[in-house]
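Structure, as C-alpha cells:
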Amino acid sequence: MRPLPAPAPGIAPARVLTIAGSDSGGGAGIQADLRTFALAGVHGCVAVTAVTVQNSVGVSGFHEVPAETVAAQMHSVVGDIGVGAAKTGMLASAAIITSVADACTELGIGDRIPLVVDPVAASMHGDPLMTEDAMDALRQRLIPLATVVTPNLDEVRLLTGIDVVDEATQRDAAKALHAMGARWALVKGGHLRSSAQSPDLLHDGTDFLEYRTERIPTGHDHGAGDTLAAAMVSALAHGYSVPEAVAFAKDWVTRCVAAAYPLGAGHGPVSAFWRLSTATDS
Ligand code: PLP
C-alpha cells in the first residue's frame, strides 16, 4: 500500500466530507469514518443525516435530520473549509437523498470533487437504515453522480436485482451498476461465503480489476463497509486514482478487520487503531 502523506503540524491537512448517520455504539457510521480519517491523517467534516439508536446487538430506531439541514451542513463546510473528496453512508430517506444529490450538483461533488457512494440499506443484523422509497432515489439521483459506488452483495441485490454467487454474476452486477451512471463500481465480495477469499471487483465500463485478500475469520466486523469507503475518500483527497484508492482502502480495511475487538454482547467493530501501533512516521 502506498501510504498517505503525513500531515505537517500547523498546516491544514487534506479535508474530506462524510454525509452519514451517527452510530450511538461508536462502531459504524460517522464515528467509524472519523476514526479512519483521523488515523489516515485527513481532516473529516460531517453532514449528519440521522441519529441511530444502536449498540453491539442491533439498531432499535433512528431519527432523521431534516433534509434541508443535511444540505445546509454540506454547503457550510464545502463553502468555507473546502474538501478534496466526499462520501455518503446512511442517508435514511428519499427526501434526504434528493437533497444530498441537489447539494452535490451545486457544490461540484461528483464532478470536480470525487464522490464515493456507499449505498447503506441495512445493518449487519438486518435492521433497516433506510425507508422503502429510498432505493429508487439512490438509483436515480445519487448513483449517477458517483465516482465510485461500493455496494456489498445485499445492496447489489436491492439495487440491481442480481444475486451474486460467483465471478460471472459479480461481473454482471458491476456492469449493471456502471450502466446506472456510476463511473466506477466496486462490487464487494466480503459476503461471498463460497469463497475462501474476500474478492472485490472494480469496473469502469471497460476494465475489470480484482482486489483479493484472504478472508479473516472474525465475529467482529461492524463498520467494515464504512471504513473501506472512508479510507477510499482519504486517498482520493490526496489525488490517488480510483484503482490506487481502492487498493489503499482494501489494505486499510483488511488491517482494521484483523484488529477488530469484541464489544458488548453482540458484534464488535473493526479497528483503525492498528495504525497507532505501527505508525513510524509520526
Ligand atoms: N449504523 C450506521 C449509522 C451506519 O452508517 C452503518 C453502515 O454504514 C451501520 C450502522 C451498519 O454497519 P454494519 O453493516 O457494519 O452493521
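Throughout, read-outs are computed from the coordinates displayed, never taken from laboratory work. Everything numeric here is computed off the predicted structure, so don't read it as measured data. Counting neighbours? That spans all protein chains shown, and the Cβs are built from the backbone with ideal geometry, glycine included.
DSSP beta bridges in the chain, what fraction antiparallel, as a percent rounded to 5? Here the antiparallel bridges make up roughly 40 percent for the chain. Cα centroids of region 6-71 and region 235-275: 15 Å apart.
Would you mind finding the longest exposed-site-free stretch of the chain, with exposed trypsin sites (Lys or Arg not before Pro) meaning DSSP loop and at most 11 other Cβ atoms within 10 Å? Show your work: numbers first, answer last.
Values: sites that count: ARG112, ARG193.
Here the longest run is 1-111.
Helix content alone sets the calculated 222 nm mean residue ellipticity of the chain: runs of n ≥ 4 DSSP H residues at -39500 (n - 2.57) each, divided across all residues, give -11000 deg cm²/dmol. Taken about its Cα centre, the chain carries a charge dipole of roughly 600 debye when the Cβ of each Lys and Arg holds +1 and the Cβ of each Asp and Glu holds -1.
Is there a quick way to get the dipole size of region 151-237? I mean about its Cα centre, with the Cβ of Lys and Arg at +1 and of Asp and Glu at -1; what is the value in debye to the nearest 20?
Numbers: 8 positive and 13 negative charges, 10 e Å.
That gives a dipole near 40 debye.
Out of all DSSP beta bridges in region 79-194, what portion is antiparallel? Express it as a percent rounded to 5. Write out the running numbers ahead of the final one.
Values: 1 of 10 bridges.
The antiparallel proportion sits near 10 percent.
Dipole magnitude for region 38-120: computed about the Cα centre from +1 point charges on Lys and Arg Cβ and -1 point charges on Asp and Glu Cβ, it is near 220 debye. Normalised by residue count, region 102-224 yields a Cα convex hull volume of 113 Å³ per residue.
Relative contact order of region 114-252, taken over Cα pairs closer than 8 Å and 6 or more residues apart, is 20 percent. For the pair ASP102 and ASP133, label points projected 7 Å from Cα toward Cβ lie 1.4 nm apart.
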